[in-house]
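A.B. asks: Attaching a single structure in structure tokens format; questions to follow.
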Amino acid sequence: MSNANPHRGEVALVLGGTSVALRPSYEAIVEWEERLGRGTTEILMRLGASAFRVAELAAIVGAAARAGGATMTDADAGRLIVADGQVEVIPVVAKLLKHALTGGKDPEPGEAGAAVTGESPSAA
């Protein structure tokens, strides 16, 4: 089981029945941005628009899982994502990307950064 540390912005993802800590470390962010050829903000926006391929999910999950201490290749991540279903993985990856953009914090609706991460402002 994973011991995802929310103070580091980590999120837990269950793949193949095992919980994996995904850490948005500097190294992981650079790795997925280089691999996908896009910045994290653009990646998150594409994910929200459902314009995402399984290989892209696998690149993000693989990089963040390795940063969290797992020995998982992108191919391993991809196979597990396909087996478990992308629908289960996408919300967790979205939260990971938001944490990468906010330093590990969940933005409050209406706060700076909420628009970029897809949070809607609260009605006052």
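A.B. asks: Starting from segment 1-98, pick out the trypsin sites (Lys or Arg not before Pro) whose DSSP state is loop and whose Cβ has at most 14 other Cβ atoms within 10 Å.
C.D. replies: Loop-located and lightly packed - 53.
A.B. asks: Then there's this: Among 41, 71, which comes first, then next, by fewest other beta-carbon atoms within 10 Å?
C.D. replies: Going from sparsest to densest Cβ surroundings: 71, 41.
Read-outs throughout are calculated quantities, based only on the coordinates presented, and are distinct from any laboratory measurement. Quick caveat: nothing in here was measured; it's all calculated off a predicted structure. Cβ coordinates were reconstructed from backbone atoms using ideal geometry, including for glycine residues, and neighbour counts include every protein chain displayed.
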